[in-house]
Amino acid sequence: MDVTYTPSQSIVDLPITDPIHAPCPDMAGCGEFDATKTQRSLQRVAELRKQVAAALPKKSQTLVPARFRQACYGRA
């Protein structure tokens, strides 16, 4: 069989042909990582999740009839 294989090329090395795939100008802020700000943000998100969870109604447990709670064995 006559097959010519070419080495693969990473998409990182390919040119960006569509502007939608270009990095946003505001993504440059991701380069200045601050661990204290990140920890503060994570704590704030955890607090907000607790507040929202307390305000939402609890989900009731679904009752599954006994006839449907059987395990099926021996089927292929």
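A compact table of results
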| item | result |
| --- | --- |
| Taking the C-alpha atoms of the chain, convex hull volume expressed per residue in Å³ | 378 Å³ |
| Sorted by Cβ neighbour density within 10 Å, fewest at the top, the residues Glu32, Glu47 | Glu32, Glu47 |
| Given the chain, longest segment not containing exposed loop trypsin sites (Lys or Arg not before Pro) (DSSP; at most 10 other Cβ within 10 Å) | 1-57 |
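Bear in mind these aren't lab numbers, they're just calculated from the coordinates by the rules spelled out. What you are looking at is a predicted structure, and each value in this text was computed from that prediction instead of being measured. Don't worry about glycine lacking a Cβ; one is built from the backbone with ideal geometry, like all the others, and counts go over all protein chains shown.
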